[in-house]
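The values are calculated or read from the model by the stated rules, or taken from the named source; none is laboratory data. Since this is a predicted model, take the numbers as computed values, not measurements. Methodologically, a virtual Cβ is constructed for each residue, glycine included, from the backbone with ideal geometry; neighbour enumeration extends over all protein chains shown.
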Amino acid sequence: MVLLYLISRLPLTQSTTCYYHIRDLRCILTTLDFDTARTIATSLVHSKLDYCNSLYHNLPQSQLERLQAIQNSLARCVTSSSRFQHITPGLKSLHWLKVEQRIQYKLASLTYSSLQHNIPIYLWRLLTIPTNHRSTRSRSVVTFFKPSVRLETVKRSFSFAAPFLWNTLPKEMRQLSADDLSVCLALTRGPFHKRLKTHLFSKSYPPYQSSPLLPVHLELNSELPWTPIQDQRIYKSTNPIMPGRWRRG
């Protein structure tokens with residue numbers, strides 16, 4: 001319980017150090033180009049956010065939001081964005097995974113190393129692959145046995161989090177090696193991590209989808225935020241008092 005308490009306090013202790021480096025970076029930002037500023041931000045702040053971040057899995061949402069606020073502030077500093085602007089386009093332009101997906105990336109990377117190279121050995125011993133596959137399709141991919149737990153604190157352990165996250169990855173990333181018997185998976189380290197980031201990047205920034213409750217398809221316009229393109233009888237009101245109201249013509 002003491003260890004879990006200390007882990008839950010890590011986001012609070014890291015926030016002070018990270019914001020200190022962000023303030024220092026703002027002071028010299030005018031003398032740096034974009035690539036240099038991004039490199040400094042990654043080495044000083046992201047390195048602290050990623051340090052042992054696999055322990056942050058299944059943390060309370062309030063703690064994850066605290067870490068995400070640090071990354072948002074860092075992205076605003078690097079991109080010179082206003083605090084009133086939406087930060088998602090800035091994060092996407094920097095090709096940064098959000099905090100929750102960075103935690104999942106670390107867990108999946110540790111699981112790959114344990115499965116492919118048996119390193120580290122103490123993590124490899126925590127993973128169990130069931131031997132009684134029911135179909136030939138399931139034999140071509142690696143699927144871990146998920147232990148049944150009741151306590152929420154146990155769900156933060158590697159023995160539960162790693163199988164749960166690994167089994168949700170696309171099947172082409174979990175294909176067994178058919179040629180080389182010295183390794184388990186078909187993908188080598190480089191292509192695996194490349195596909196892993198692409199998969200998690202789509203989870204961090206899902207494509208825009210219109211609401212199913214609206215009768216028409218809407219597209220984003222720089223001048224009029226919501227502009228109908230099919231049914232011209234419904235349009236955005238230009239009333240400055242109530243700009244968000246809809247009315248029919």
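So the values come out like this:
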item	result
Matching residues in the range 70-90 - criterion: being under 14 Å from the mean Cα position of the chain (by Cα) and modelled with pLDDT under 95	THR88
Test: residue in the range 70-93 that is in a helix (DSSP H, G or I), in contact (Cβ under 8 Å) with a residue 24 or more places away in the chain and under 30 Å from VAL154 (Cβ atoms)	yes
All positions within the range 125-139 that are modelled with pLDDT of 85 or more and either in the same structural domain as SER54 (by TED's automatic domain parsing) or out of contact with any Ser or Thr (no Cβ under 8 Å at 6 or more places or on another chain) (or both)	ARG125, THR128
Residue in the range 117-124 that is surrounded by fewer than 17 Cβ atoms within 10 Å (Cβ to Cβ), free of Cβ contacts under 8 Å to residues at least 12 places away in the same chain, in the same structural domain as ALA186 (by TED's automatic domain parsing) and under 16 Å from PHE160 (Cα atoms) present	yes
Filter result (surrounded by fewer than 17 Cβ atoms within 10 Å (Cβ to Cβ), in contact (Cβ under 8 Å) with a residue 24 or more places away in the chain and not in a strand (DSSP E or B)) within the range 160-183	ASN167, PRO170, LYS171, VAL183
